[in-house]
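The values are calculated or read from the model by the stated rules, or taken from the named source; none is laboratory data. A quick note: this is a predicted structure, and the numbers were derived from the prediction, not measured. Quick reminder, even Gly has a Cβ in these numbers, built from the backbone with ideal geometry, and neighbours come from all protein chains shown. For the accessible areas, the whole protein counts, side chains as well, though only heavy atoms, and no ligand, DNA or RNA atoms are used. Shrake-Rupley method; radii C 1.70, N 1.55, O 1.52, S 1.80 Å.
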Number of protein chains: 2
Amino acid sequence: VNPTPVTTFLAAAEEIATCATRITLEHFRTGFAVERKADASPVTIADRATEAALRAAIAERFPEHGILGEEYGSENMDRDFVWIIDPIDGTKSFISGVPLFGTLLGLLQAGKPLIGAIHMPGLGETFIGTKAGGSTLNGTPIHCRQSVALEDAFLCYNELPTMLRVAPETVGKLMKLGRYQRSTNDCYPYAQLAAGWVDGVVDFDLQPYDYLPVVGVIEGAGGIITDWQGRPLSLNSDGRVIAAASPEIHAALLAAVG
Amino acid sequence: VNPTPVTTFLAAAEEIATCATRITLEHFRTGFAVERKADASPVTIADRATEAALRAAIAERFPEHGILGEEYGSENMDRDFVWIIDPIDGTKSFISGVPLFGTLLGLLQAGKPLIGAIHMPGLGETFIGTKAGGSTLNGTPIHCRQSVALEDAFLCYNELPTMLRVAPETVGKLMKLGRYQRSTNDCYPYAQLAAGWVDGVVDFDLQPYDYLPVVGVIEGAGGIITDWQGRPLSLNSDGRVIAAASPEIHAALLAAVG
């Protein structure tokens, strides 16, 4: 049997992720109910309906693959290929009318991130990529900007209020790096990094469905993404992430959190 | 002489503010140079070109009015009507590819905010209003949601990293209010408040061109906007702002910062 080529998976991933547009925008800025999950994070009918649609789209194409999703858990995690779904990354944006929520879809092969997709229904943008094959934004190739020196870097810090509570000294060091530092949220900073608009992202307290789908997008654009110890990201990572456009900036961010 | 009716000013304000769309989007996500101003904040050709276009559009229609803008300063501030311009509120969003930057345009009469406009070129949204005549989003009436209890409120805190450095106890109190607290940036939280998507905004360290143009939008939508002492906003306010959908939430935010 010929193995399925990566390009087939890439095309499928784009089709599957963009299923989210219709479902999310049907609910966005309407009077849906917001429930609270066990961890107090918000969830809506749009999160559940989107994940259900993506799972169905995966099962139709690849019934033999595993799936891990934020809302409906895992199935067939022993398979060689496992899809990772965050139906609405940025539910707080979604419930407050901000079009910066994203649908994240990743494909792992033997536990390693192969393909990543960040689809932004409210912006009409899809960032998708794979380390070996490059990354694109709505079909146009994108690249991390690798020529920006650390002193000129634009750096995005997610979960800054939490980091400030838990690790104030680390935040103090991070705020001294680069030219611009911004308190950011959710997946869009990773898309900005892959598109060459910012130079680094530090994140904290993520789940596998938050960080695994962005790996292919960053690596396909020539960027570096690891945990806070510089190790590759996997299902077992601790949820702390550093992503950077260049080895210099990655090293500086690693040193600041070390 | 018949005085110019407010509806004429409203229509003019919408026309003038939306001049920013073409100019800002011509530069957005291109390789423009970013300079630093005396206060280290970034500025680009797009900020200057947009303000120049808005000033010309005002002067053509109302040569007898005063103008205060972020980039080109003030003229004729002794006049009864004075326009306030922030050509790109959210320059950090603009220079990092995030479509949440806004063009702010306000009209003061005898020093008091009469009309406010928040135009979002990257989203194709214009929020505009006046206390007596209501507020709209792209022509559709909008209202603050006044039925949300404090315990269920979605609260937006701008400039949170700065507030944390300068007033950590205040931030501690704010983070205990409401159901959702978010670290936000720039003008969009005010637009969200007027549209009924969030319930309160606390801001810090603003300039008159940042806060005066949002007043008409908030008040026209039935919301309350004051400084941290509960006083109306004017050219002489200290740049600390509280805006809320209801008197209950306004009072709770005031108490937390007091």
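Data for the structure
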item: Filter pass, B:GLY122 being closer than 25 Å to A:PRO161 by Cβ, at pLDDT 95 or above and buried (at least 19 other Cβ atoms within 10 Å of the Cβ); result: no
item: Residue pairs meeting the criteria (Cβ under 7 Å; at least 6 apart or on separate chains; first over 25 Å from B:GLN109 (Cα atoms), in region B:129-149; second assigned to a loop (DSSP other than H, G, I, E, B) and open to solvent by less than 30 Å² (accessible area, probe 1.4 Å)); result: B:ARG145/B:GLY196; B:ARG145/B:ASP199; B:ARG145/B:ALA245; B:GLN146/B:ALA245; B:GLN146/B:SER246; B:VAL148/B:ASP199; B:VAL148/B:ALA245
item: Matching option when the condition is more than 14 Å from every other protein chain (Cβ to nearest Cβ), on the phi > 0 side of the Ramachandran plot and surrounded by fewer than 16 Cβ atoms within 10 Å (Cβ to Cβ), among A:GLY258, A:GLY230; result: A:GLY230
item: Residues being touching a Gly at 6+ places or on another chain (Cβ under 8 Å), within 26 Å of A:VAL82 (Cα to Cα) and among the charged types (D, E, K, R) - total across region A:7-61; result: 2
item: Enumeration of residues in region B:128-160 that are away from chain A (no Cβ under 11 Å), assigned to a strand (DSSP E or B) and within 23 Å of B:VAL98 (Cβ to Cβ); result: B:ILE128
item: Residue list for region B:82-104, restricted to those being out of contact with any Cys (no Cβ under 8 Å at 6 or more places or on another chain), open to solvent by 10 Å² or more (accessible area, probe 1.4 Å) and in contact (Cβ under 8 Å) with a residue 40 or more places away in the chain; result: B:THR91, B:LYS92, B:ILE95, B:LEU100
item: Residue ID - farthest from the other protein chains (Cβ to nearest Cβ), chosen from residues in region B:161-212 that are free of Cβ contacts under 8 Å to residues at least 24 places away in the same chain and surrounded by 20 or more Cβ atoms within 10 Å (Cβ to Cβ); result: B:VAL171
item: B:ILE67 vs. criteria over 28 Å from B:LEU177 (Cβ atoms), away from chain A (no Cβ under 14 Å) and either in contact (Cβ under 8 Å) with a residue 24 or more places away in the chain or crowded, with 24+ Cβ neighbours inside 10 Å (or both); result: no
item: Qualifying residues in region B:105-116 (those that are in a strand (DSSP E or B) and either within 14 Å of another protein chain (Cβ to nearest Cβ) or more than 14 Å from B:GLY69 (Cα to Cα) (or both)) - the one most open to solvent (accessible area, probe 1.4 Å); result: B:LYS112
item: Count of region A:3-48 residues which are open to solvent by less than 40 Å² (accessible area, probe 1.4 Å), part of a helix (DSSP H, G or I) and under 19 Å from A:SER96 (Cβ atoms); result: 6
item: Filter result for A:GLY223 (under 23 Å from A:GLU125 (Cβ atoms) and either free of Cβ contacts under 8 Å to residues at least 24 places away in the same chain or surrounded by 20 or more Cβ atoms within 10 Å (Cβ to Cβ) (or both)); result: yes
item: Residues of region B:146-184 satisfying the condition of being closer than 20 Å to B:PRO247 by Cβ and small (Gly, Ala, Ser); result: B:SER147, B:ALA149, B:ALA153, B:GLY178
item: Test for B:GLY31: is it at positive phi and out of contact with any strand residue (DSSP E or B) (no Cβ under 8 Å at 6 or more places or on another chain); result: no
item: Any hit, region B:84-91, residues being within 30 Å of A:GLY172 (Cα to Cα), within 14 Å of chain A (Cβ to nearest Cβ) and at pLDDT 95 or above; result: yes
